[in-house]
Structures are given as structure tokens and as C-alpha cells.
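A.B. asks: Quick one: the structure is below, questions incoming.
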Amino acid sequence: MIGLGNPGEQYAKTRHNIGWLVLDRLADRAGWSGRGRSKDASTVVGGRFQGLDLLLVKPLTYMNESGIAVRKVLARERAPLSEMLVVVDDFALPFGKLRFREGGGPGGHNGLRSIIDELATEGFSRLRVGIGSPARNFRDHVLSPFEPDERQRLGELLDAAADAVEAWAREGTSRAATRFNPFDLRPADEDRVAPPGAVDGPPDQQGIRRTRTGWRKARPESPYEAGS
């Protein structure tokens, strides 16, 4: 699993780093947070989790040269493209939407463009995570922090995206797409009318919220720095 993002504290909480945040959530689930090692221009952590052999990779080359790190990891691991999933932000999708694809062009994303150029192929799976369309220059949008109503729901989005990645590892792109491409993130709290216990309703007295992908302990915000 390749999560695209930029290294450095100034980028840690920006929309462009949502690929890293999804991998951080997976590392947190697996108990791997803080165990990542720097190898071949990436931070890498992996092992056996829920019957899956996973390798979580966060390129450290900055977004525009992500392909350099990806090429090195694939060569070192001798991994076929069929076993690689790239998790990436997408401002062409509404905030909270998930979209699997088995191939295709970069769609205006410089990280995907770099990977395609380095590997000389578009034939790999990717999970696009919607960050919403820019109200201003797209560069400013992707490199800016999430808005308050987005931060309120970001933890639930990361859980859903992590579920989607696990589904991809077990079932492949087509089945994962059938399950998760229709996913809609709940509305912000001020727009939500569902009662506690209902799907997308507020947390109950124990802080448990029912989501479309399962019951989740409500988290105040995402763990931006899981160290994976």
C-alpha cells in the first residue's frame, strides 16, 4: 500500500497528505505505529495483520517525485503491480467520497503522474479519497488544512478508507469498488438529524457511533502523526 503525501511538519495536516493519514490509521490498527523504518526514500512498516501480509509505504521524495520511491520499493520487494495499491487525495471528488480504479491517467495529480512516468505504465490500482473541489487555486487548496466541519468527520473518513484498503487486499479492486465506491460520509454535525444508534447518527453515551462500515469509537480528530 503506497500512501502519497509530503514529508515535513508544515504538510502534516494538509489535504494533500490524506494518503499518509489512511496508512497511519492502518498502522494504528495493526499496532505498528512508531515502528516505521526509512528505506529507499520511503518510510516503511509491515507485517501480518488479520490474515494479510501488508507493507505500508510513505514516499519521502515529496509528491512530485513519488514515482522514484515507488519504483525502488517495487524493485526491492520484487512485487508485481497487481499487488500494489496507491492511496491518493482527489479534489475532483466531494470531501469524503472514495473511488477505486484499476488504472487510468493521473487525473491532474502530480504524484500519480510521477508514478506513471517512472513505471512507464498506468496499470496499477488506486484508491482516490475525495478532499472536495477548491474554491480558490487548487495548489492552495490541497496544501491547506482541513476545514472545521471536515476535521469533525475526518476520523470516520479515515476508518472507512482503511476498511476499503483492507477489502482491496482481501477481495481485489473490482469487489472493493462495488462495496466502497457508493460510500457517502455522514453530514457535518449541524446538518445531522439521525438519533444516537442510527447509521451516521451522533455517538451514544459510551462514545460509540454507528457508521456505514461498522461501529466506531468516536475520535476527536485523526492521529496525524502515527509514525509509520
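A.B. asks: Within the stretch 138-153, restricting attention to residues that are among the acidic types (Asp, Glu) and out of contact with any helix residue (DSSP H, G or I) (no Cβ under 9 Å at 6 or more places or on another chain), which residue is nearest to Arg216 (Cα to Cα)?
C.D. replies: Result: Glu147.
A.B. asks: Follow-up question, since we're still on this one. Within 18 Å of Arg99 (Cβ to Cβ) and open to solvent by 30 Å² or more (accessible area, probe 1.4 Å): does that describe Ser133?
C.D. replies: When the stated conditions are applied, Ser133 passes them.
A.B. asks: Is it fair to say Gly108 is within 18 Å of the chain's Cα centre (by Cα) and closer than 24 Å to Asp163 by Cα?
C.D. replies: For Gly108, the condition - within 18 Å of the chain's Cα centre (by Cα) and closer than 24 Å to Asp163 by Cα - is not met.
A.B. asks: Do any residues in the stretch 179-208 that are on the phi > 0 side of the Ramachandran plot and open to solvent by less than 60 Å² (accessible area, probe 1.4 Å) have Cβ atoms under 9 Å from those of residues that are modelled with pLDDT under 70 and of a type outside the set (D, E, K, R), where the two are at least six apart or on different chains, and which pairs are they?
C.D. replies: Asp200/Ala194; Gly207/Ala218
A.B. asks: Out of the residues in the stretch 157-196 that are modelled with pLDDT of 95 or more and charged (D, E, K, R), state the one that is nearest to Val22 (Cα to Cα).
C.D. replies: The extreme case among them is Asp159.
A.B. asks: Can you spot a residue in the stretch 27-43 that is buried (at least 18 other Cβ atoms within 10 Å of the Cβ), of a type in the set (A, V, I, L, M, F, W, C), in contact with a His (Cβ under 8 Å, 6 or more places away or on another chain) and within 22 Å of Ala12 (Cβ to Cβ)?
C.D. replies: For the stretch 27-43, residues buried (at least 18 other Cβ atoms within 10 Å of the Cβ), of a type in the set (A, V, I, L, M, F, W, C), in contact with a His (Cβ under 8 Å, 6 or more places away or on another chain) and within 22 Å of Ala12 (Cβ to Cβ): absent.
A.B. asks: Of all residues in the stretch 1-59, how many are assigned to a loop (DSSP other than H, G, I, E, B) and closer than 18 Å to Arg170 by Cβ?
C.D. replies: Result for the stretch 1-59: 3.
A.B. asks: How many residues are farther than 12 Å from Ile2 by Cβ and either in contact (Cβ under 8 Å) with a residue 40 or more places away in the chain or in a helix (DSSP H, G or I) (or both) when one looks only at the stretch 69-101?
C.D. replies: Qualifying residue count, the stretch 69-101: 14.
The values are calculated or read from the model by the stated rules, or taken from the named source; none is laboratory data. All values derive from a computational prediction rather than experimental measurement. Reconstructed Cβ throughout: ideal geometry from the backbone, glycine too, with neighbour counts over all protein chains shown. Heavy atoms of the whole protein, side chains included, go into the accessibility calculation; ligands, DNA and RNA do not. Shrake-Rupley method; radii C 1.70, N 1.55, O 1.52, S 1.80 Å.
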